[in-house]
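**Student:** Take this structure, written in structure tokens, and hold onto it; I'll ask about it next.
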Amino acid sequence: MKILPPTIYDVAREAGVSIATVSRVLNYPHRVNPSTRTVVINAIEILGYVPKAESRARALMGTRRIGVLIPFFTEPSFVQRLRGIASVLNKKDYEMVVYPVDAKPRSLGYLETLPIRRMLDGLIIVSQVFDSTISKRLMDYQLETVVMEYFDPNFTTLVINDEWGGELATNYLYEKGYQRIAFVGGQKQPEFGVDPISKRLTGYLKVINKAGLTFPDEYINEYAYSPEQVLKKLVAHGLPLAIFAATDLQAIALIKETRMLGLRIPQDIAIIGFDNIDMAEYFGLTTVHQPLDESGRIAASLLISRLTNPKQSNQHIELPLKIIQRETA
């Protein structure tokens, strides 16, 4: 007697839920209670269930689709990474499927279910933190994965040394002769994913401490919700002043506020940013360059290489940082 493959009804029965709940777990995982989602995923794995659409894709030996799991995909730095990824995938005739993440439950939902759904040939995970359970599931389902901005020894990874970048920016200002050097971090503290701001702050503090400089508490702003208020507090402590803004967007906001106060850049306030997004050149912003477009191109190329030869060893690449000197510092 031929044994039939498990169906969605079998999964629902095993999990003790409705077929509608199973369908939501597979298609809209972030809309399902995490505990229920776990029960359904366990049932899928116990039964070895493969959704019909995905089983057809497997029979065709691939989907020609690469998923990109990425937060805040409208922010300039992430747009540039996507641009680099797309430039490679387009040439190789792969479709890029973007999974935007705006909250931890959504990130976890995608990471738990994308391997099971088998809709992708490969996955690029950008700026997401995940545990060993997720790593194991990605490997068990043989979903080739490249990780950007987070180190996991099980996958090929691309990272930058944010702490070293913080040192690079601060040391640049110190060597310019500035004795007042403030730190202004992100506009909001991330609720999920990788947080580079704290690492850049650590690099700043290493240089400041080594130089024997001491500042009022107002000089260190890990998260600055209002650049205008921060700048006014800093100016009150005297000029000239130098500011290391931990992102280019924050640096650009500070440039605007400095000009509104009628102060000169860089004579009164010198500003250095971090990232070298496209807009940085337009504003004449001195900044720490990280290879945003290039990192996307490298990630996509490495993933396609692994799809061609899955037995090759994982690579762990630290991308270089450098100062781009322009008019603001």
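The values are calculated or read from the model by the stated rules, or taken from the named source; none is laboratory data. Computed from a predicted structure; not experimentally measured. Positions of Cβ are generated from backbone atoms using ideal geometry, with glycine treated the same way; all protein chains shown enter the neighbour counts.
**Student:** If TYR204 satisfies all but one of (1) within 20 Å of PRO76 (Cβ to Cβ); (2) of a type in the set (Phe, Trp, Tyr); (3) in contact with a strand residue (DSSP E or B) (Cβ under 7 Å, 6 or more places away or on another chain), what's the number of the condition it fails?
**Tutor:** Result: TYR204 passes all but (1).
**Student:** Before we move on, is ARG81 among the charged types (D, E, K, R), out of contact with any Pro (no Cβ under 7 Å at 6 or more places or on another chain), at pLDDT 95 or above and under 26 Å from PRO291 (Cα atoms)?
**Tutor:** Here the answer is yes, as ARG81 does meet what is asked.
**Student:** Which numbered condition in (1) within 19 Å of LEU173 (Cβ to Cβ); (2) among the hydrophobic types (A, V, I, L, M, F, W, C); (3) without any contact (Cβ under 8 Å) to a residue 60 or more places away in the chain is the only one that ALA270 fails?
**Tutor:** Looking at each condition in turn, ALA270 falls short on (3).
**Student:** Follow-up question, since we're still on this one. Consider only pairs whose beta carbons are under 9 Å apart and that are at least six residues apart or on different chains; among these, list those whose first residue lies in region 20-42 and is in contact (Cβ under 8 Å) with a residue 60 or more places away in the chain and within 16 Å of MET119 (Cα to Cα) and whose second residue is part of a loop (DSSP other than H, G, I, E, B) and among the hydrophobic types (A, V, I, L, M, F, W, C).
**Tutor:** VAL25/VAL17; VAL25/VAL32
**Student:** Just wondering, is there one or more residues in region 128-147 that are closer than 20 Å to LEU285 by Cα and touching a strand residue (DSSP E or B) at 6+ places or on another chain (Cβ under 6 Å)?
**Tutor:** No, region 128-147 contains no residue that is closer than 20 Å to LEU285 by Cα and touching a strand residue (DSSP E or B) at 6+ places or on another chain (Cβ under 6 Å).
**Student:** I need a count of the residues in region 227-265 that are assigned to a loop (DSSP other than H, G, I, E, B) and surrounded by 21 or more Cβ atoms within 10 Å (Cβ to Cβ).
**Tutor:** Within region 227-265, residues that are assigned to a loop (DSSP other than H, G, I, E, B) and surrounded by 21 or more Cβ atoms within 10 Å (Cβ to Cβ) number 2.
**Student:** Still on this structure, I have one more. Run GLU228 past the list (1) touching a helix residue (DSSP H, G or I) at 6+ places or on another chain (Cβ under 7 Å); (2) in contact (Cβ under 8 Å) with a residue 40 or more places away in the chain and report the number of the one that doesn't hold.
**Tutor:** (2)
**Student:** Name, by its number, the condition in (1) within 18 Å of the chain's Cα centre (by Cα); (2) surrounded by fewer than 17 Cβ atoms within 10 Å (Cβ to Cβ); (3) closer than 24 Å to LEU302 by Cα that does not hold for GLN187.
**Tutor:** (3)
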